[in-house]
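Notes for the one structure printed next.
The values are calculated or read from the model by the stated rules, or taken from the named source; none is laboratory data. Predicted model only: the values in this text are computed from it and were never measured. Cβ: placed from backbone, ideal geometry, glycine included. Neighbour counts: every protein chain shown. Note: areas computed on protein heavy atoms with side chains; ligands, DNA, RNA excluded. Shrake-Rupley method; radii C 1.70, N 1.55, O 1.52, S 1.80 Å.
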Amino acid sequence: MSESEVMDDMDNKERREPKRREPRLAAWDTDTEPDIGMCGWILVLASVALMIMTLPLSIWMCIKIVKEYERAIIFRLGRIVRGGAKGPGLFFILPCTDSFINVDMRTITFDIPPQEVLTKDSVTVSVDGVVYYRVQNATLAVANITNADAATRLLAGTTLRNVLGTKSLSEILSDRKEIAHSMQSSLDEATDDWGIKVERVEIKDVKLPVQLQRAMAAEAEATREARAKVIAAEGEMNASRALKEASLVIAESPSGLQLRYLQTLNTIAAEKNSTIIFPLPMEMFQGFMKRD
């Protein structure tokens, strides 16, 4: 393979594999102390002095605790302090100048409300699903968006409609895993700047209109009836071939017909409530007919 072909192959792979966007950086992403200005430092020193003067009562206001599944984002004079999220366990804040927000890091589950979607083949269906996500970066979830949970819910409903709008009804009914994977990739890429990781998306139910359900049921019933008729016709054809072969065998041995006849009588005689009609050849009655 030549060098130009290798380069073309690498370019095609880059086009097929979308690049994941890097989350945007801010001042609180670095290890430098935020610049709060001279007035800010004066307020911080005053807060420290007030804390020292009111010891040991102020210690109960300065020490906070977050649980194992939580992280705390501390704001000092409106700026996120160096180090980002704190926790789990104990952390220290200054009175008057510091505030904090708790962020739950556990996996959150929510249902996507039923969405009325017009499919690619112009069929209206109602589809709902479920999304599993968690906060991966607590600082981004607080600083980059007002309400990460509400935004993720709205984005999930919109993504569901956009993805299903490009699929036909048969693809929606048969390729649920592929649709769920496509939705997960789209949501994960869109929520990356919010510090959210979409772990899983599942399609729960696909509801069809009543008229369409009746039409599909009638189509399925007609298909089954046609299949049953074809199977019955094939059975008749196979039976006729077997009878033909049996007649050829009996024709080679005339006594075989009589034996078969006796076997049939034996089978009928097993039932006591049956009436057996025994046929006699007409040649036996010719002598009686001549005398008359």
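Here are the numbers:
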| item | result |
| --- | --- |
| Selected residue (only one of E178, E189, E219, E234 is open to solvent by 70 Å² or more (accessible area, probe 1.4 Å) and over 29 Å from the mean Cα position of the chain (by Cα)) | E234 |
| Residues of segment 192-208 that turn out to be within 8 Å of the chain's Cα centre (by Cα) and open to solvent by 60 Å² or more (accessible area, probe 1.4 Å), as a count | 2 |
| Candidate set: segment 101-115, residues that are in contact with a Phe, Trp or Tyr (Cβ under 7 Å, 6 or more places away or on another chain) and of a type outside the set (A, V, I, L, M); chosen: the one nearest to G89 (Cα to Cα) | D104 |
| Test set (1) at pLDDT below 90; (2) part of a strand (DSSP E or B); (3) surrounded by 15 or more Cβ atoms within 10 Å (Cβ to Cβ) - I172 fails condition number | (2) |
